[in-house]
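Right, one structure below, let's go through it.
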Amino acid sequence: MTGPGLQEVDASLEKVFKPIERVNIQARAEVFNLLDHANFYIPGFNVFSGSAGVITRLISYPGGREMQFGLKALF
């Protein structure tokens, strides 16, 4: 069974600050699935469940937009 394709756009921004000569501060922001596009699973059939032919998983998708932020000191 061939299912729908996976479409996802990820992005990240990074900035390095130098408050003093021997220390660097790195600020980072990352976004996964930036456009919040739904990627649907293939419908699942389980013929051994006692209810043959029933669709067990039709319209569910793995998560939505995720963001993470980080701050790192390098010296």
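The values are calculated or read from the model by the stated rules, or taken from the named source; none is laboratory data. This structure is a prediction, so every number in the text was calculated from the model and none was measured.
Candidates VAL54, VAL16, VAL47: the one that is modelled with pLDDT of 60 or more and β-branched (Val, Ile, Thr) is VAL16.
Here ALA29 passes the criteria (1) modelled with pLDDT under 65; (2) not in a loop (DSSP other than H, G, I, E, B) except the one numbered (1).
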